[in-house]
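Inspection log for the structure reproduced underneath, given as structure tokens.
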Amino acid sequence: MPDDASPLPALPDAAPGGILLTPDGSRTAHNTRFGEAYGSRHGAAAQARHVFLEGTGTHVHPAPRVLEVGFGLGVNFRATVADAAARGAALAYHAFEFDPAPRDLLREVGNGGQGAAHPVWEALLAAWPEAGLSPQDLPQELQVQAGGVSVTVTFADVLTAALPDAWASALYLDGFSPSRNPEVWTPEFVARVAGTLAPGGVLGTYSAAGHVRRALEAAGLRVERRPGAPGKRECLRAVREG
């Protein structure tokens with residue numbers, strides 16, 4: 001997601017249906033609830049790989065366990081699946097999403113992109129809830145296994161949902177920007193979600209805002225600045241030592 005610390009450029013060209021084509025050839029889309037794109041308009045796939053996959057070391061972990069805050073359009077998930085499949089690594093993935101995008105939008109954004117041909121992506125799309133369901137009619141969660149990948153998507157507000165304790169080798173903190181979605185960037189929530197990291201686990205986020213860095217440090221994580229993905233000067237990684 002974009003960070004409120006950086007001015008947003010003009011939107012990339014829109015494909016039919018309102019999908020946004022980003023400079024690296026990958027796609028994202030505009031979210032009307034939050035008033036910004038789901039993924040980086042400078043390169044959705046590039047951000048997924050640089051900030052989340054490589055930023056957390058998931059691309060070299062022999063059996064990653066990833067927890068994601070904000071499944072969105074599945075770009076981070078597909079990037080992680082593609083990498084694990086290429087290395088022959090088993091992958092367990094648990095994402096929290098309280099407002100699932102329509103299945104057709106997920107399919108169109110992923111069409112031809114990394115990970116889209118993996119059987120777990122097709123299995124997840126097949127099980128994805130129908131568009132237009134009210135929150136009370138959504139399933140609590142989906143669980144799918146295929147091709148060496150196990151994925152759980154919990155359809156709940158991550159602010160109040162039960163979270164796994166000391167489970168994740170990597171945490172993808174990918175909510176909408178702090179100005180649009182401030183609830184997932186508070187010190188209270190950051191401290192809570194940091195508890196999902198196993199010792200040695202790494203959190204990655206596109207945000208480099210000072211208050212986000214301070215919240216991560218207050219949660220007991222060792223915070224490092226990294227060069228940002230295209231369009232961003234910096235991003236953050238944070239390690240749970242122990």
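The values are calculated or read from the model by the stated rules, or taken from the named source; none is laboratory data. In this text, all values refer to a predicted model and were calculated from it rather than measured experimentally. Positions of Cβ are backbone-derived with ideal geometry, glycine not excepted, and every protein chain shown enters the neighbour counts. Quick note on the areas: whole protein, heavy atoms, side chains included, nothing else; ligands and nucleic acids left out. Shrake-Rupley method; radii C 1.70, N 1.55, O 1.52, S 1.80 Å.
Condition first: assigned to a loop (DSSP other than H, G, I, E, B), in contact with a Ser or Thr (Cβ under 8 Å, 6 or more places away or on another chain) and modelled with pLDDT under 95. Can you find one or more residues in region 134-153 that meet it? Looking for residues that are assigned to a loop (DSSP other than H, G, I, E, B), in contact with a Ser or Thr (Cβ under 8 Å, 6 or more places away or on another chain) and modelled with pLDDT under 95, one finds at least one in region 134-153, hence yes. Filtering region 19-59 to residues that are within 25 Å of Arg192 (Cβ to Cβ), part of a loop (DSSP other than H, G, I, E, B) and open to solvent by less than 50 Å² (accessible area, probe 1.4 Å) leaves Phe34, Tyr38, Gly39, Gly55, Thr56, Gly57. Of the residues making up region 133-147, none is surrounded by 15 or more Cβ atoms within 10 Å (Cβ to Cβ), free of Cβ contacts under 8 Å to residues at least 60 places away in the same chain, touching a Leu at 6+ places or on another chain (Cβ under 6 Å) and under 24 Å from Phe34 (Cα atoms). Across region 84-102, the number of residues qualifying as open to solvent by 40 Å² or more (accessible area, probe 1.4 Å) and either more than 25 Å from Ala162 (Cα to Cα) or free of Cβ contacts under 8 Å to residues at least 12 places away in the same chain (or both) comes to 4. Looking at Gly147, Gly113, just one residue is of a type outside the set (A, V, I, L, M) and on the phi > 0 side of the Ramachandran plot, and that residue is Gly147. The sole residue among Arg226, Arg233 that is open to solvent by less than 50 Å² (accessible area, probe 1.4 Å), charged (D, E, K, R) and at pLDDT 95 or above is Arg226.
Which numbered condition trips up Val158, out of (1) in contact with a strand residue (DSSP E or B) (Cβ under 7 Å, 6 or more places away or on another chain); (2) open to solvent by 10 Å² or more (accessible area, probe 1.4 Å); (3) within 21 Å of Ala37 (Cα to Cα); (4) not in a loop (DSSP other than H, G, I, E, B)? Failing condition for Val158: (4). The set of residues in region 60-75 that are in contact (Cβ under 8 Å) with a residue 60 or more places away in the chain, open to solvent by 10 Å² or more (accessible area, probe 1.4 Å) and outside any loop (DSSP other than H, G, I, E, B) contains only Arg65. Residue check: Arg107 meets all listed conditions (1) closer than 18 Å to Leu203 by Cβ; (2) surrounded by fewer than 19 Cβ atoms within 10 Å (Cβ to Cβ) but one, namely (1).
Can you tell me which residue in region 219-242 is nearest to the chain's Cα centre (by Cα), limited to those that are of a type in the set (Lys, Arg) and under 24 Å from Gly43 (Cβ atoms)? Full working, then the answer.
Just the residues of region 219-242 that are of a type in the set (Lys, Arg), to begin with: 222, 225-226, 232-233, 237, 240.
Now narrow it down to the ones that are under 24 Å from Gly43 (Cβ atoms): 225-226, 232-233, 237.
Details: Arg225: 19, Arg226: 18, Lys232: 17, Arg233: 19, Arg237: 14 Å.
This residue is Arg237.
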